[in-house]
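Please read the structure below before turning to the comments.
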Amino acid sequence: MRATAMYGAGDVRIEDVPDARLAEPTDALVRVTHAAICGSDLWPYKSMEPSETGRRMGREFVGVVEDVGPEVRTVKPGDLVVAPFLWSDGTCVFCREGLHTSCLHGGRYGQDGVDGGQGEAVRVPQADGTLVVLPDGEDDALMPSLLTLTDVMGTGHHVAISAKVAPGKTVAVVGDGAVGLCGVIAAKRLGAGRIILLGRHRDRIAIAEKFGATDIVSERGEQGVERVRELTNGFGAHSVLECVGLGQAMVTALSIVRPGGAVGRVGVPQEASIPNAAQTFFDNVTIAGGSAPVRAYIEELLPDVLDGRIEPGWVIDRVVELDGVPDGYRAMNDREALKVMVKL
């Protein structure tokens, strides 16, 4: 079969690899119909050291079950399924607490002999705890939004929950990438009274406003902090969603949260420590979040996608075939595309 591999910074290839096949009785074999390039895939794209063997890529996909192991009970051949970006058993102590990212028997796609999602097929371990069956006959119009349930919509929801978004509260979203924009959806869905997006890309601002952003702050650094404080009577936002991971984004987030407020963070941290430690300590600011357990949220978010109450698929602005994946990486890295969907 054909799949995506990265051999170093900027070196993404589509190549022939061994066919995906069942290995454990709890596996499912999924033929991929739609996949995505994740913003976190751009970190190795920028910095990966050259490799002779390559690294299998992709962790967001929707597909059709082709075969299952003898112990699989919840999915069957022919089912259309959505796969969260990590696999998990659904039964361990952490999965039962809704923290599937810490599953005792879980793991990542593209590692330890498990296929990456940007390819023609994937062996999905722990299929019963991982895969969610979608209603039959879903057409391509819904597929971009369904695909976001594998990561960015669930992550946007997680950061909003971590930041304690509640009805009537003021929310600030730091970052206008796909996760930040889905954070806007999540904040509105949870009843936020005001949603301030910190971003400066005109096309992304238009999507944010469609999703429910009420105010846009395009200034950066101290000017951006001052503008948010002007909009909040000098107090700052009740809930701040940090969706970037870079040090300056975290500084901004911690500078615009009000005393007693909360900062949710889902951007993969690129710094060794959290800034503004003393100020946030004395202001009783909650800092929470991390790798989003999107499997815990799919059943909650899926009905809203199916009924059109939320349309996170708007964050996908480019569609490519498998051969177009290398250029999809380039386009996202060069900010020519917000999020790329791969249609197989």
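Throughout, read-outs are computed from the coordinates displayed, never taken from laboratory work. Computed from a predicted structure; not experimentally measured. A quick note on method: Cβ atoms are made from the backbone with ideal geometry, for glycine too, and the neighbour counts reach across all protein chains shown.
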### Query
Which shape class applies to the stretch 248-344: rounded if a/c is under 1.5, otherwise prolate when a/b exceeds b/c and oblate if not, where a ≥ b ≥ c are the square roots of the Cα gyration tensor eigenvalues?
oblate
### Message
If amide hydrogens are placed 1.01 Å from N in the peptide plane, which non-local residues have theirs closer than 5 Å to the one on residue 265?
### Response
242, 288, 289, 290
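Counting other C-beta atoms within 10 Å, and keeping those with at most 11, which DSSP coil trypsin sites (Lys or Arg not before Pro) do you find in the stretch 45-115?
Numbers: sites: 46, 55, 56, 59, 73, 96, 108; in loops: 59, 73.
Answer in residue order: 73.
With all pairs of different alpha carbon atoms counted, what Kirkwood hydrodynamic radius in Å does the stretch 214-260 show?
Numbers: mean 1/r = 0.0933 Å⁻¹.
When all Cα pairs of the stretch 214-260 are included, the Kirkwood radius is 10.7 Å.
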### Message
Could you derive backbone 3J(HN,Hα) for the stretch 278-290 from the dihedral phi with the Karplus parameters 6.51, -1.76 and 1.60 (θ = phi - 60°), listing whole Hz in sequence and x where the residue is Gly or Pro?
### Response
5, 4, 5, 5, 6, 8, 6, 8, 7, 10, 9, x, x
### Query
Expressed in nm to one decimal, what extension gain is obtained for the pair residue 96 and residue 202 from 0.36 nm per residue of sequence separation less their Cα-Cα distance?
34.0 nm
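Arrange the following residues from fewest to most other Cβ atoms within 10 Å of their Cβ: 158, 105, 238.
Listed from fewest to most nearby Cβ atoms, that is 105, 238, 158.
Percent relative contact order of the stretch 155-289, based on C-alpha pairs within less than 8 angstrom and at least six residues apart? Please list the in-between numbers first.
Numbers: 322 pairs, mean separation 36.2, N = 135.
The value is 27 percent.
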### Query
What is the distance in Å between the Cα centres of the stretch 113-144 and the stretch 65-108?
11
### Task
Any chance you could check the Cα centroid distance between the stretch 1-44 and the stretch 166-197 for me, in angstrom?
32
## Note on the structure
Note: residue 274 to residue 309 extended length (0.36 nm per residue) minus current alpha-carbon separation gives 9.0 nm
### Summary
Sorting 135, 208, 5 by the position of each Cα along the dipole of the chain (Lys, Arg +1; Asp, Glu -1; all at Cβ), the one nearest the positive end of that ordering is 208
## Note on the structure
Simple spin-label estimate for residue 235/residue 323, 7 Å along Cα→Cβ, in nm, reads 5.8
### Task
Can you tell me the dipole magnitude for the stretch 155-289 around its Cα centre, using point charges on the Cβ only (Lys, Arg +1; Asp, Glu -1), in Debye to the nearest 20?
380
### Summary
Counting only residues 5 or more apart in sequence or on a different chain, those whose built amide H sits under 5 Å from that of residue 60 are 36, 117
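What does the charge dipole of the chain about its Cα centre add up to, to the nearest 20 debye, if the Cβ of each Lys and Arg holds +1 and the Cβ of each Asp and Glu holds -1?
On the way: 34 positive and 47 negative charges, 241 e Å.
In debye, rounded to 20, the chain gives about 1160.
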#### Entry: Compactness relative to 2.2 N^0.38 Å, alpha carbon Rg of the stretch 155-289
0.90
### Task
Using only Cα atoms, tell me the angle between helix 202-211 and the longest principal axis of the chain; keep it within 0 to 90° and round to the nearest 10.
90
